[in-house]
Each structure stands twice: as structure tokens, then as C-alpha cells.
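The values are calculated or read from the model by the stated rules, or taken from the named source; none is laboratory data. Keep in mind the model is a prediction, meaning the values are calculated, not measured. Every residue, glycine as well, gets a Cβ built from its backbone with ideal geometry; the counts of neighbours run over all protein chains shown. Surface areas here come from the heavy atoms of the whole protein model, side chains and all, with no ligands, DNA or RNA. Shrake-Rupley method; radii C 1.70, N 1.55, O 1.52, S 1.80 Å.
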Amino acid sequence: MTDSMNGADFAALIQALNAAMAAAKAELNALDSALGDGDHGEALAAAFAEADEKARALDKPTPTSVLQVTAQALLNRMGGASGALYGTLFLRMSSAFKDRDDVTCSDWSAALDAGLAGVQARGKASPGDKTMVDALAPAVDAFKAGADLAAGFAAARAAAAAGAAQTERMVAKFGRAKFAGERAIGHVDAGARSMALVFETLDEYWKGREHGET
Ligand code: ADP
Ligand code: MG
């Protein structure tokens, strides 16, 4: 099998993310309730439902077009700080894939770098600030150390999960959770957890495809 992903893969991935976010809605709302306003799961589920619908409607999906309609849905549907940040991540990745029909491991490395840079330029958060960046930044690093897509996705998934778990011990420097101060300690950040879920879903999708399930 060639080590690359095409537009149909990306459409199927967005479908898988829609299912994953719908299933995680209550968990993500509960995490956001502890330190924020409790809408993170709801907002992500609504945005990925719309993204899935838009991606399915594409005539000839490419990695770029699928991620572009996803970014639009995240920006329009999700709202708030995290909608802009998630939207930026997908939009930067969409542009980085440059309308290619198939994207490889090195294309993914460049796209993830661009996505992370966009999130950090917009949100100003660094690792340790108890945000989605605590899952995203280590995932990007781990992916780049992988020899192929399967190794990269597996490593990114593990790094994102570990990064999200570490937010439990942190005080928040950004977002609504900032106002919780020391009270934030003992709670995992909702955005870090959802970002870990994105990488988990990506890895599961690719494992399924490699075994001919999709
Ligand atoms: P809102 O705070 O607008 O209700 P959500 O509840 O959807 O947005 O998302 C909250 C998540 O957004 C937080 O858990 C955190 O991970 C992320 N977040 C907030 N501000 C920033 C920022 N400046 N940089 C990176 N991530 C952020
Ligand atoms: Mg919220």
C-alpha cells in the first residue's frame, strides 16, 4: 500500500471525527464545566456534524478541500476562542496540502507544523499553559519522528494523550479556566482532551484503513 492519504481518506476521517465527537460530547462538556462554561463538547460535536455534511457534499474531495470545509464549520459553528483555534489548525493544514490529490508523511509533517504555528500565533499559548497546545505540540513533535504515516499517527496519539493528562497538574494561563487559578489543579483541560481525541481518531482511522476495513 502506498503511504499516502487521498481526499476520500480525509472525508472518511471527518466522518470518524464526527462520530468520535458525538460520543465524547458529555465527557468534554463535563471537563469544560469544571473550569469553563461547559460547552466544549456541544460546540465540537455541532461543528464536526456540519463538517461531515459539507465534506460528503464535495464533488471531488481533496485533502485541501475537505480540511477547508471543516475549518469553515469549526469557525462558523463552534464560536468562541476554541472555534477560532481549531478552525485555524484545520485551515493552515488545508493550505499546506496545496491541492495535492495525495499527501504523504512529509506533507503531514509540514501541515502539522503550519497548523501548530497558526494556533500559537493566534492563541499565544505555549506548552505548560493548560490548553489544547499541551496535546497538540507534543503530538506534532512525535509525528515528525515517525518513519511512516502509521508510526507517526501512533506516536502522535500517545504523545497527545500524555500531554492532555499532564494538564491535570497545571494552572491555566489562557481561556476561561484562567479565572479558576489554583482551583484548576486536579482537572484535565477540555481542549487538550479533545485534541488528544482528534489524534486518537486519526490513528484508529489509519489502522482500520491499513487492515482494509475502510
Ligand atoms: P470557550 O472558552 O469559548 O467556551 P471552549 O469551551 O470550546 O471555548 O474551549 C475551551 C478550550 O479552548 C480550553 O480548554 C483550551 O484548551 C482552549 N483554549 C482557550 N484559550 C486558548 C488559547 N489562547 N490558546 C490555546 N487554547 C486555548
Ligand atoms: Mg467553553
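Overview of results
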| item | result |
| --- | --- |
| For segment 64-81, 3J(HN,Hα) per residue [Karplus equation, 6.51 cos²θ - 1.76 cosθ + 1.60, θ = phi - 60°, Hz, x = Gly/Pro] | 5, 5, 5, 5, 5, 5, 5, 4, 4, 5, 5, 5, 7, 8, 7, x, x, 4 |
| As computed over segment 71-135, the Cα convex hull volume per residue (Å³) | 82 |
| Interchain or long-range residues, amide H under 5 Å from Met170's placed H | Gly186 |
| FRET efficiency, 1/(1 + (r/R0)^6) with R0 35 Å, evaluated for Ser106 and Glu53 via beta carbons | 0.65 |
| For segment 59-214, Kirkwood radius (reciprocal of mean inverse C-alpha pair distance, Å) | 15.8 |
| Whole-number percent relative contact order across segment 93-214, with pairs defined as alpha carbons under 8 Å at least 6 apart | 24 |
| Sites matching trypsin sites (Lys or Arg not before Pro) across segment 129-214 that sit in DSSP coil, with at most 16 neighbouring C-beta atoms within 10 Å | Lys173 |
| Among Ala73, Ala142, Ala121 the positive-end extreme of the charge dipole of segment 4-207 (Cβ point charges) | Ala121 |
| Over segment 105-145: Kirkwood hydrodynamic radius from C-alpha pairwise inverse distances, Å | 10.3 |
| Label point distance in nm, Ala165-Lys98, each placed 7 Å from Cα along Cα→Cβ | 3.8 |
| Sequence-separation-based contact order of the chain, relative, with Cα cut under 8 Å and 6+ spacing, percent | 20 |
| Accessible area in square angstrom per residue, segment 4-207, 1.4 angstrom probe | 41 |
| Lys207 paired with Ala23, simple spin-label distance in nm, labels 7 Å along Cα-to-beta-carbon | 1.1 |
| Within the accessible area of the chain (1.4 Å probe), percent carbon and sulfur | 52 |
| With Cα atoms, 0 to 90° folded angle of helix 7-35 axis to the chain main axis | 10 |
| Pairwise Lys count, the chain - Cα closer than 14 Å, eight or more residues apart or different chains | 4 |
